[in-house]
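Inspection log for the structure reproduced underneath, given as structure tokens.
The values are calculated or read from the model by the stated rules, or taken from the named source; none is laboratory data. In this text, all values refer to a predicted model and were calculated from it rather than measured experimentally. With ideal geometry, Cβ positions are generated from the backbone for all residues, glycine too; neighbour counts draw on all protein chains shown. The accessibility values were calculated without ligands, DNA or RNA, using every heavy atom of the protein model including side chains. Shrake-Rupley method; radii C 1.70, N 1.55, O 1.52, S 1.80 Å.
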Amino acid sequence: MARPRTAHKAAIAGLIPSNRKDVFDRRVKALIARNRLLATLESVREAEKISKKELAERTGLDASSVRRTLTAETANPTTENAFLLLGAMGIRLEAVLPSGSRVEIV
């Protein structure tokens, strides 16, 4: 038996042409990943009791940039800034390749 379509899925189907749904899904996944990364950075910063000013000093970034990155709803840091923040807090980032091999990124 097929599951009933939710109102959300019906709205998405009405707004996004079926030939663009895959692009939409990839963008949503990327936004979710970005939000998880930013939430992780902020929770580690708080747990380690690192001020945003100190984090800015560790990274060489402007304090206002660090503050916006970690608090703004629409923050979208560059890859370089994200890696600087990860490294400054001692957070390791690994990629798992399709083969199952792991590659350390930061």
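On a 0 to 90° scale, report how tilted helix 79-88 is relative to the longest principal axis of the chain, with both axes built from alpha carbons and the result rounded to the nearest 10.
The angle comes out at about 50 degrees.
Taking Cα pairs under 8 Å and at least six residues apart, what relative contact order does the chain come out at, in percent? Let's see the in-between values first.
Values: 60 pairs, mean separation 17.1, N = 106.
16 percent.
So how do 65-74, 46-55, 82-91, 12-21 stack up, highest first, on mean other-Cβ count within 10 Å? Walk me through the numbers before you get to the answer.
Working: 65-74: 14.5, 46-55: 13.0, 82-91: 17.6, 12-21: 10.4.
Ranked by mean Cβ neighbours within 10 Å, highest first: 82-91, 65-74, 46-55, 12-21.
Can you give me the long-range amide H partners of Leu93? Hydrogens built in the peptide plane at 1.01 Å from N, cutoff under 5 Å, separation of 5 or more residues or another chain.
Here Ile105, Val106 satisfy the definition.
Please calculate the 1.4 Å probe accessible area of Val44, with all protein chains present, and give it to the nearest 10 Å².
Number for this one is 40 Å².
Calculate the FRET efficiency for Lys53 and Val103 from the Cβ-Cβ distance with a Förster distance of 22 Å, rounded to the nearest 0.05.
0.10
Hey, rough spin-label estimate for Ala13 and Ser65, points 7 angstrom out along Cα→Cβ, what's it come to in nanometres?
For the pair Ala13/Ser65, the computed spacing is 4.6 nm.
Taking θ as phi - 60°, what are the ³J(HN,Hα) couplings along the range 15-25 by the Karplus curve (6.51, -1.76, 1.60), each to the nearest whole Hz, with x for Gly and Pro?
9, 10, x, 4, 6, 10, 4, 5, 5, 4, 4
Which whole-number value in Å² is the accessible area per residue of the chain, probe 1.4 Å?
Numbers: 7870 Å² over 106 residues.
Per-residue accessible area for the chain comes out at 74 Å².
If I stretch the segment between Lys21 and Glu46 completely, what's the gain in nm (0.36 nm per residue apart, minus their alpha carbon distance), one decimal? It would help to have the intermediate numbers written out before the result.
Numbers: separation 25, 0.36 × 25 = 9.00 nm, distance 3.74 nm.
The Lys21-Glu46 span can extend by a further 5.3 nm.
Given 10 °C and 1.306 mPa s, how large is the Stokes-Einstein diffusion coefficient of the chain in µm²/s, with Rh as the Kirkwood radius over Cα pairs? Spell out each step's value before the answer.
On the way: Rh = 16.3 Å.
Approximately 97 µm²/s, per Stokes-Einstein.
Rounded to whole Hz and in sequence order, give me ³J(HN,Hα) for the range 94-106 from the Karplus expression 6.51 cos²θ - 1.76 cosθ + 1.60, θ = phi - 60°, writing x for Gly and Pro.
Listing the rounded values in order: 10, 10, 9, 6, x, 6, x, 5, 10, 10, 6, 9, 10 Hz.
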